[in-house]
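Heads up, the thing below is written out as structure tokens.
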Amino acid sequence: MNDLLKQVGACLRDARRVAILTGAGISAESGIPTFRDALTGLWARFNPADLATPEAFFRNPERVSRWYDERRCQVAQCQPNPGHLALARLQKCMVGQGKTFALITQNVDRLHHAAGSTGVIELHGSLWVWRCVACGKEVEERGPAFDSYPPCCACGGFRRPGVVWFGEMLPAEALAAAERAVEACDYFMSIGTSAAVYPAAGLIAQALRTRANVLEVNPEETPFSARADWSIRGQSGQVLPRIVDEAFGVATAAHHQSEGSDGNRCTEES
Ligand code: BJW
Ligand code: ZN
């Protein structure tokens, strides 16, 4: 494992344009359930057809909005883990060296933002933003649970979570930005996604076609594992900090404040 991480880190150090796709697995170590884990995943306990489609919302807006609001309140209790922090540090290191970095996420929890990542491309929207289905007004909701379900807009319309459900189009600008970043990248990472949901999973296929170096980090095999240059079976909160350490030097407690770079190091120690 050590040799593998050294190799992956050395290649990352040389990369000029990195694009990263994350999925629910990167937030698992923050205590947020994934979707497809056989025992603990949300889809093991709930039927997506009853909760994650526009039809389900219009059939039972009270149930669907309550379920999403409970998830919003649960995520409010969670903190970014070392995997999120490592990607935020990687961005700082790469941008500090004038390199290109894009973080594309399928997650709706905004833990990448909380970790300090900027310009995050959200493919499946956000749990925090609620949108009126009548007038389209969007509000970021950081407060406690709603008083009643479904929550209503001043115009009287029902409000829904600003996430992307099955059968809905992804936000066009986000998808286009993601495709551009993948097209241009020379190093691509797929972190903590089962690669089961399209078009997000198509970005992995696109990276393989562009002949970027492709790294996967996941405790389980995925449909793309065999084609990745490196497929590391592990938890992202353990693996990512080690890869970023290999590439850019070991993080110090002060790494959040450090901006500059010393050779390939971007921490304050040298
Ligand atoms: C760890 C770990 C640790 C655990 N460290 N890793 C082409 C082919 C077939 C179907 C389609 C297709 N194109 C479109 C479709 C239909 C559909 C689709 O993909 N269906 C498939 C399921 C078959 N796609 C859509 O409908 C999309 N819209 C669309 O395509 O519009 C155009 C269109 C419209 C109409 C008709 C046709 C086309 C929209 C998809 C929206 C997905 N929405 C959800 C819910 C969001 C809201 C919510 O939060 O409730 O997004 S579904 C859910 O899955 C969520 C996730 O973002 C998404 C991906 O899941 P993810 O992140 O990969 O999580 P898991 O649980 O699957 O995997 C976690 C992984 O982590 C596992 O591998 C673990 O091993 C790993 N892990 N611990 C690292 N510590
Ligand atoms: Zn409204």
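Reported to the nearest whole Å, the Cα centre-to-centre distance from segment 141-170 to segment 13-32 is 27.
Multiplying each eigenvalue of the alpha-carbon gyration tensor of segment 10-73 by 5 and taking the square root yields semi-axes of 33, 14, 11 Å, largest first, rounded to whole angstroms. Normalised by 2.2 N^0.38 Å, with N the number of residues, the alpha-carbon radius of gyration of segment 1-118 equals 1.31. Tell me the angle of helix 172-184 to the major Cα principal axis of the chain, expressed in degrees between 0 and 90 and rounded to the nearest ten. So the helix axis and the longest Cα principal axis differ by about 10 degrees. If a spin label sat at a point 7 angstrom from the Cα of Trp43 along the line to its beta carbon, the backbone N atoms of segment 67-107 nearer than 16 Å would be those of 106-107. Using θ = phi - 60° in the Karplus curve 6.51 cos²θ - 1.76 cosθ + 1.60, the 3J(HN,Hα) couplings for segment 80-97 round to x, 9, x, x, 4, 5, 5, 5, 5, 5, 4, 4, 4, 5, 5, 5, x, 9 Hz; x is entered for Gly and Pro. Given segment 116-247 reduced to its alpha-carbon atoms as identical point scatterers, what log10 I(q)/I(0) does the Debye formula return at q = 0.09, 0.18, 0.20, 0.22 Å⁻¹? The calculated log intensity ratios at q = 0.09, 0.18, 0.20, 0.22 Å⁻¹ are -0.37, -1.05, -1.17, -1.31. For segment 58-135, the Cα-based Rg and Dmax, in that order, read 15.6, 51 Å. Dipole orientation for the chain: of the candidates Ala205, Phe101, Ala49, Ala49 has the Cα lying most toward the positive pole (charges on Cβ; Lys, Arg +1; Asp, Glu -1). Taken about its Cα centre, the chain carries a charge dipole of about 260 debye when Lys and Arg each add +1 at the Cβ and Asp and Glu each add -1 at the Cβ.
Mean silhouette area of segment 112-194, derived from the convex hull of its C-alpha atoms and averaged over all directions, reads 7.6 nm².
Sorted largest first, the spans of the alpha carbon positions of segment 200-250 along the three principal axes are 32, 23, 18 Å. Seen against the Cα atoms of the chain and their longest principal axis, helix 2-14 is set at about 90 degrees.
Value of Rg to Rh for the chain, rounded to two decimals, is 0.99; Kirkwood radius and Rg both from alpha-carbon coordinates. Evaluated with a Cβ-only charge set (Lys, Arg +1; Asp, Glu -1), segment 40-105 carries a dipole of roughly 320 debye about its Cα centre, given to the nearest 20.
Using a simple spin-label model with pseudo-atoms 7 Å out from Cα toward Cβ, Arg36 and Arg16 lie 3.5 nm apart.
Readers should treat all values here as calculations from the given coordinates under stated rules, not as data from a laboratory. What you see is a predicted model, and the numbers here were worked out from it, not measured in a lab. Virtual Cβ from ideal backbone geometry, glycine too; neighbours counted across all protein chains shown.
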